[in-house]
Amino acid sequence: MSAVDARALLHGQRIVPVYTPGSVDEALAVARALNAGGIGAIEVTLRTPVAMEAIAAIARDVPGMHVGAGTVLDIEQMQGAKDAGATFIVSPGSSRELLYAAVERRIAYLPGVATGSEVMAALAAGHRLLKVFPAEAINALELIAAWRGPFAQVSFCPTGGIDAVRARDYLRLPNVACLGGSWLTPSDALRAGDWPRIEALAREAAALATD
Ligand code: 3PG
């Protein structure tokens with residue numbers, strides 16, 4: 001059995017905002033604002049009790065948005081997120097269990113990697129689009145550029161510490177398919193319910209991806 005092709009699923013989605021939901025209503029407003037700004041995929045982290053419900057609501061009510069689940073640490077969360085409507089699953093790292101569960105359960109999966117050995121383990125399970133985390137802390141710009149040689153068949157999605165300025169540098173690397181970050185959903189904008197600001201940030205990010 002081969003892994004579901006996450007790269008094909010997220011094709012064209014070069015910016016994938018990482019968002020931790022405060023409530024279901026907030027999540028819907030955020031997803032709509034991001035989508036209105038030209039963003040077509042979102043990673044909702046499972047870091048708050050409302051996260052699964054938020055994923056279900058976005059999957060149901062924001063048709064233009066691919067919704068994924070992030071911070072997935074075990075198989076129960078992986079399956080729960082899929083059942084809630086997540087079309088892709090993201091982890092900050094990877095485990096053998098998750099790498100193979102995603103293949104067996106036909107789930108598009110972006111395991112997290114930070115070393116060549118982790119890339120090899122993910123590749124052995126058939127995964128070809130890998131999250132690189134925490135990108136800025138591990139100098140992922142140089143790391144991903146260096147991985148082009150030995151891992152030519154792999155694409156990367158760096159996240160962690162990336163903002164609109166750094167995004168431009170990462171997007172120039174041919175093996176960066178997409179990248180993620182929470183800079184599109186700043187906490188003060190969430191607190192204030194400032195959806196126009198989130199839409200504006202999305203628009204700016206979407207434009208970066210077409211530069
Ligand atoms: C994460 O999973 O926390 C993401 O990588 C987001 O990182 P950021 O908040 O530094 O953008």
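The values are calculated or read from the model by the stated rules, or taken from the named source; none is laboratory data. Everything numeric in this text was worked out from a predicted model, so none of it was measured. Every residue, glycine among them, receives a Cβ derived from its backbone with ideal geometry; neighbour counts consider all protein chains shown. To get the accessible areas, we keep the full protein, side chains included, count just its heavy atoms, and leave off ligands, DNA and RNA. Shrake-Rupley method; radii C 1.70, N 1.55, O 1.52, S 1.80 Å.
Hey, any hits in region 171-192 for a residue that's assigned to a strand (DSSP E or B) and in contact with a Leu (Cβ under 6 Å, 6 or more places away or on another chain)? Even if it seems obvious, please write down each step before you answer.
Restricting attention to region 171-192, the residues satisfying the condition of being assigned to a strand (DSSP E or B) are 176, 179-181.
The next check asks that each one be in contact with a Leu (Cβ under 6 Å, 6 or more places away or on another chain); those that pass are none.
Looking through region 171-192, none of the residues is assigned to a strand (DSSP E or B) and in contact with a Leu (Cβ under 6 Å, 6 or more places away or on another chain).
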Among (1) open to solvent by 50 Å² or more (accessible area, probe 1.4 Å); (2) among the polar types (S, T, N, Q); (3) under 10 Å from the mean Cα position of the chain (by Cα), T87 falls short only on (3)
Determine whether region 35-43 contains at least one residue that is in a helix (DSSP H, G or I) and closer than 19 Å to A207 by Cβ.
yes
Which numbered condition in (1) without any contact (Cβ under 8 Å) to a residue 24 or more places away in the chain; (2) surrounded by fewer than 16 Cβ atoms within 10 Å (Cβ to Cβ) is the only one that G193 fails?
(1)
Quick one: I55 ticks every box in (1) open to solvent by 10 Å² or more (accessible area, probe 1.4 Å); (2) under 16 Å from T87 (Cα atoms); (3) hydrophobic (A, V, I, L, M, F, W, C) except a single one, so which number is it?
(1)
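Identify all residues within region 56-71 that are in contact with a Gly (Cβ under 9 Å, 6 or more places away or on another chain) and modelled with pLDDT of 95 or more; write none if there are none.
At the first step, the residues of region 56-71 found to be in contact with a Gly (Cβ under 9 Å, 6 or more places away or on another chain) are 56-60, 64-67, 69-70.
A56, A57, I58, A59, R60, M65, H66, V67, A69, G70, listed by residue number.
State which residue is farthest from the ligand (Cβ to nearest atom) when the search covers only region 122-155 and only residues that are in contact with a Lys or Arg (Cβ under 9 Å, 6 or more places away or on another chain) and either more than 19 Å from R96 (Cα to Cα) or open to solvent by 60 Å² or more (accessible area, probe 1.4 Å) (or both). Spell out how you get there, then give the answer.
Of all residues in region 122-155, those in contact with a Lys or Arg (Cβ under 9 Å, 6 or more places away or on another chain) come to 122, 125, 128-129, 135-136, 141, 153-155.
Okay, now just the ones that are also either more than 19 Å from R96 (Cα to Cα) or open to solvent by 60 Å² or more (accessible area, probe 1.4 Å) (or both), so 128, 135-136, 141, 153, 155.
Working: R128: 20, A135: 7, E136: 7, L141: 14, Q153: 24, S155: 17 Å.
If we take residues in region 122-155 being in contact with a Lys or Arg (Cβ under 9 Å, 6 or more places away or on another chain) and either more than 19 Å from R96 (Cα to Cα) or open to solvent by 60 Å² or more (accessible area, probe 1.4 Å) (or both), then Q153 is farthest from the ligand (Cβ to nearest atom).
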Counting just the residues of region 13-46 that are within 10 Å of the chain's Cα centre (by Cα) and hydroxyl-bearing (S, T, Y), which one comes out surrounded by the most Cβ atoms within 10 Å (Cβ to Cβ)?
Y19
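When you look at V50, is it without any contact (Cβ under 8 Å) to a residue 60 or more places away in the chain and either surrounded by fewer than 23 Cβ atoms within 10 Å (Cβ to Cβ) or more than 15 Å from the ligand (Cβ to nearest atom) (or both), yes or no? Steps first, please.
Details: without any contact (Cβ under 8 Å) to a residue 60 or more places away in the chain: yes; either surrounded by fewer than 23 Cβ atoms within 10 Å (Cβ to Cβ) or more than 15 Å from the ligand (Cβ to nearest atom) (or both): yes.
Against the criterion (without any contact (Cβ under 8 Å) to a residue 60 or more places away in the chain and either surrounded by fewer than 23 Cβ atoms within 10 Å (Cβ to Cβ) or more than 15 Å from the ligand (Cβ to nearest atom) (or both)), V50 qualifies.
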Say we look at region 90-112 and pick out the residues that are open to solvent by less than 60 Å² (accessible area, probe 1.4 Å) and free of Cβ contacts under 8 Å to residues at least 40 places away in the same chain; which of these is farthest from M78 (Cα to Cα)?
G112
